[in-house]
Structures are given as C-alpha cells and as structure tokens.
1. Determine the relative contact order of the chain: mean sequence separation of Cα pairs under 8 Å and six or more apart, normalised by residue count, in whole percent.
2. Could you list Glu21, Glu134, Glu53 in order of exposure, starting from the residue whose Cβ has the fewest other Cβ atoms within 10 Å?
3. When the helices in the chain are scored as -39500 (n - 2.57) per DSSP H run of 4 or longer and the sum is shared across all residues, what 222 nm value do you end up with, to the nearest 500 deg cm²/dmol?
4. So, in nm, how far is label Val56 from label Lys332 when the simple model puts each one 7 Å beyond its Cα toward the Cβ?
5. Is the stretch 91-232 best put as rounded, prolate or oblate by its Cα gyration tensor, with a ≥ b ≥ c the root eigenvalues, rounded for a/c under 1.5, and otherwise prolate when a/b is larger than b/c, oblate when not?
6. Given contacts defined as C-alpha pairs under 8 Å and at least six residues apart, what's the relative contact order of the stretch 127-223, whole-number percent?
7. When the chain is treated as a GNM, springs tying every alpha-carbon pair under 10 Å, which of Asn273, Asn259, Asn207 comes out with the largest mean-square fluctuation?
8. Can you give the charge dipole size of the stretch 333-384 about its Cα centre, rounded to the nearest 20 debye, using +1 on the beta carbon of Lys and Arg and -1 on the beta carbon of Asp and Glu?
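Where a number appears in this text, it was derived from the coordinates with a stated rule and is not lab data. Everything quoted here is computed from the prediction, not taken from an experiment. Because the Cβ atoms are built from the backbone with ideal geometry, glycine has one as well, and the counts that use them run over all protein chains shown.
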Amino acid sequence: MKTTFLTICAVALFAMAQAQEVTVFESGKDGYASYRIPAVIKNKNGDLLAFSEGRVDHAGDYGNVDIVYKISKDNGKTWGTIQVAADYDQLQAGNAAPVVDLLDPQYPNGRIFLFYNTGNGHEHDVRNGKGLRECWYVTSTDGGKTWSAPTNITTAIHRPNQPLLNPNYTFKEDWRAYANTPGHALQFDSGKYKGRIYIPANHSEGNPKPAGKDYYAHSYYSDDNGKTFKIGNTITFEGGNETMAAQISKTGLYMNTRNQQGNVRNRIISYSNDGGVTWDTTFYDKNLPDPVNQGATLSWKKGKNYILAVCNAASEKDRDNLTLRISKDQGKTWHFNQVVAKSPAGYKGSYSAYSDIVLVKKNRIGVLYEKDNYKTIVFTVVPI
C-alpha cells in the first residue's frame, strides 16, 4: 500500500508540474530563430531572471548569437518582454553564467554578475587553433534594467596561445575551446570562503584528441567581489566538459560535469574541501545516468547543513527523462527523485535537454529547460 501511495503521489506531482509549465523563450519569436542554453537566478528582491542564447539565424552553436533574458516578478508564472544583455554584432556571445553577489557591502540590494564567452569561429576551428574564445562579464545593480560596460577577464581566467590575435595571449598551456558552466554560477554564503564568487568552466588543451579527450573541467573565482579572479585547479578526468557546482559545507564544494567521451554514460562528480580550488576525489556517479548532456546543480542552507539538488536528462541514450533529485548527504544518496519531463511514446529526438534550477521559495524548485527538440525553453515549479 505504501509503494502504491507513493507512486500515486509522484504521478500527481508530475501532473501538477506540467500544469504550471510556462513558455519563456520560443524559437522563431522576438527576432531569434532559436533559443538555447538556459540559466536562471533569483535576485535579492525575489525577481527571477531567465537567460538564454538568442540565435539570430539558425539553431547552430556558432554565428550571430546574443545573450537575452526575461524577468518574472511572480515566481515564474509570467515573464516580461525579451531584453538583450550582450550583443557582439555578427559574432557569438554565449554560455551565460549569472550570479547575484549578495555580500558586497557597497551594493546592499545585491549586484548581478553575468559571465559569458565570445568567439570568432566554430568550436572545432577553435580546437584546431584557428579561432579564439574570450571571457567577459557585465554587472547590473538595478535588477537587470541596465548593465555595465563589458569587462574582459580573458588573461585572468583563460590560457590561450594566440599572439597573432592578441600579444597578451601567449600562455604555454595552450587552452583553446573555452566555456562557462553553462547555467548559474554561485556564491559561498558561509564559512572560510564566504563571499567567494565561483564560476565552473571547461576548456580544451592543445591539439584535438579523439572522443573529446582534450576537454577538461576547471573553474575560476573571485574573493573580492569581482575585482580580481583566479583559476582553480583543473579536474584531470579527460573529456570533462560542461560543468556546474554547488556549496555543500562551509568549505566543501560539489562539482557535476558532463563526460564528453561518452564511454561512460554517467555524470562525473568531484569534491573539494577548499572552496573548489583543489580536488579531493573524482569519479563517475552510477546513480546519475546521462546521455552526454549538460546538467544543473543547486544548493541551499537548511539549519547547519546544505541541501543539494541535481537536474539532468536521466537517460544513457537520449536527452529525455529530465529528473530532479534532492540529497541531504552531499550527493551520496538521493531521497527525492522526480521526473520533470518525459517524452510521449514514439517520440524521436531530444525532448528535454539542457536545464537550470532555482529555489523559488521554500520547498519549491523552479526548473528552466529546453523542450521538444529545442523548440522552446520552458519554466515549471516542482514541489519538493
């Protein structure tokens, strides 16, 4: 009887989530052929900001791509008009990684950082040394109404070897492809590293290798509210691509990474005990199946401990079966497993792909995700 009751409850919660689903971005509307790569944050005043890449001409990763966003003032029930945060004319601006700095005394109402990357070529060209990725951020102190001029932080957080393009880009490490998370960044809210702004990222090293083995996950961070930045240690697993992270203790950080190789269809998990600078352990988590895709993480403090959430396409085959999981023990076990979106019978393609998550309010997680072969990016609230 207990199992039956739990099953009925799960079905009811899934139906409730579907009923609350709201389209935020729809391909072909507002001047963009396609929208990809969602990210979402909650501002200090409670507003939600949903970001995506607005791809002007087509759905491909490279081309005329802007970073666009919408704001919700009612916990995601409705969303305002589309706005542009970054536009580099015919070039690419992408991999939006927003975060709210809540701990800078100079900005008592909070300051939004939006980290992003630009590029002048397709990713395979960049990996072959025929293009460049650069790294930037803009800030907003009025909740996204206006943004600062862009700040280029490439030399601080990237290691390109492209002196013909820029005389400052002479790093022997020869990082080529480069991307922020994608999804929200984070800020440590307690402990020794309180205030640290932390951005997961990935890069490729040197000439391309088969199966994406030249990709590695890393991070960068600021301990002075964005005045300066440092690079965290690279995670040594080959094929580490799109990655997100969450604080799990006063000094602990949980990193959740895509395995670009696809040889093991599980998420790559790394733990750090010094605020995400060095890594104590890294492994494939067999409890987190993944079809070579992006996945989202989030944490929040409850009493003295942290609750950890992970959302990804929980399938070893398809970008489908988007599932939200909750852990009370830093990701060792998952006491809550809720399907957010699953394709109908006979469906072909990617039904639920990239996602990001936000704590809308107590016991309510907002999920922003790509749906139905990337036709829309939708928002839904899942009770936990």
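1. Details: 1105 pairs, mean separation 49.8, N = 384.
Contact order relative to length: 13 percent.
2. Numbers: Glu21 17, Glu134 23, Glu53 26.
Going from least to most buried by this count: Glu21, Glu134, Glu53.
3. Numbers: 3 runs with 27 residues, N = 384.
So the helix-based figure for the chain works out to -2000 deg cm²/dmol.
4. Once both label points are built, they end up 5.2 nm from each other.
5. Because a/c hits 1.5 or more and a/b exceeds b/c, the stretch 91-232 counts as prolate.
6. Worked out over the stretch 127-223, it gives 22 percent.
7. Answer for the Gaussian network model of the chain: Asn207.
8. Dipole magnitude for the stretch 333-384 comes out near 160 debye.
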